Amino acid sequence: MNIMDFNVKKFAADAGTFLSRAVQFTEEKLGQAEKTELDAHLENLLSKAECTKIWTEKIMKQTEVLLQPNPNARIEEFVYEKLDRKAPSRVNNPELLGQYMIDAGTEFGPGTAYGNALIKCGETQKRIGTADRELIQTSALNFLTPLRNFIEGDYKTIAKERKLLQNKRLDLDAAKTRLKKAKAAETRASQLNSAHLEGDNMVNFSYMLNFLHVKWLKIWAEEVTKAHHLRCLNDFVEAQMTYYAQCYQYMLDLQKQLGSFPSSYHCNNNQTSVVPVPSASSNVIGSSAMTSSGLVMTSPSNLIDLKEGSGSRKARVLYDYDAANSSELSLLADEVITVFSVVGMDSDWLMGERGNQKGRVPITYLELLN
């Protein structure tokens, strides 16, 4: 029974306080009551904190779109995060494209120029997919997570303290209003002044305690705008820089690998263009033109001389090659073998010799040595 009486009294007191604050707030908006202004610097920092929160939410949302363009995948990751479970691993677009290229190159034959080029491109795409996965993980850990912690942690604390300070200010101004009305009543001036002055002092004391309690907000705001968010942004930029540097290096390596492949192309719009490659094309066996029917191999002058003559030349192996049958010779990258032409042999092949081993070798895997 006593507990019930206590709860009823507490409820009545809380309701009275809420009503008093509501009346004070309404009268302030109508210009019928005085309002105690907070510290101007504190108000400015509170405004900056609100601005920081709004822009942080926008940046977070767009960063998530950048890292994961698929909205369904983002929803799935959000659900797993809320359930505190790890989302299942999925193949990303570069990895999927790379696997398709590798499968297609294997189907066409790694011994053909087009098949081998597809395999090399597919391997590079898969490396880019791995780098993309690392970018997402690093950005989530060093950029998105700290910003999310700010929104869900620090800012909520600031908003709570701000609301508490605002309530105490309303209590103070309401007490001032009651005191002013009490002074107007001459018949009860002495009694009311004594009672309400005591209440006013208590509210002032409570107000000052809460004001001191939120003074850390000034330090926090300076730290957020100058250090915390800036550090997270630097981490995100470094992650992107690493990702693009990796992609550039992968594509540079791929371009070098394809240096022995055709360098003169006939584009789909029937305009001829020449694509420069970093290697010395004059020494590379084989060049090609891209026609509507596909990739067609042609022979440079040194290869024509080799095929028409009866002599042999030394050649460096560009890539590993596994023989498809007993008539072919397996190759290891960077080894030097002897090559020569055999009458009636297909134009895409030469006869290779390594010690006592002989067999056909694809010309696209070779570079003639002077």
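The values are calculated or read from the model by the stated rules, or taken from the named source; none is laboratory data. Since this is a predicted model, take the numbers as computed values, not measurements. A quick note on method: Cβ atoms are made from the backbone with ideal geometry, for glycine too, and the neighbour counts reach across all protein chains shown. The area values use the complete protein model at the heavy-atom level, side chains included, leaving out ligands, DNA and RNA. Shrake-Rupley method; radii C 1.70, N 1.55, O 1.52, S 1.80 Å.
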*HN-Hα J in Hz across segment 57-71 - Karplus 6.51, -1.76, 1.60, θ = phi - 60°, x for Gly and Pro*: 4, 5, 5, 4, 4, 6, 5, 4, 5, 5, 6, 9, x, 6, x
*Determine, for each peptide in 334-345, 41-52, the mean count of other beta carbons within 10 angstrom over its residues, then list the peptides with the highest first.*
41-52, 334-345
*Can you list the HN-Hα couplings for segment 339-349, worked out from phi with the Karplus curve (6.51, -1.76, 1.60; θ = phi - 60°), rounded to whole Hz and with x for Gly and Pro?*
10, 7, 9, 10, 4, x, 6, 4, 5, 8, 10
*Using a simple charge model, +1 on the beta-carbon of Lys and Arg, -1 on the beta-carbon of Asp and Glu, nothing else, what dipole does segment 86-126 show about its Cα centre, in debye to the nearest 20?*
220
*Which peptide among 115-124, 69-78 comes first, and what is the full order, when sorted by highest mean count of other Cβ atoms within 10 Å?*
115-124, 69-78
*Report, to the nearest whole %, how much of the accessible area of segment 1-142 belongs to carbon and sulfur atoms, 1.4 Å probe, protein only.*
60
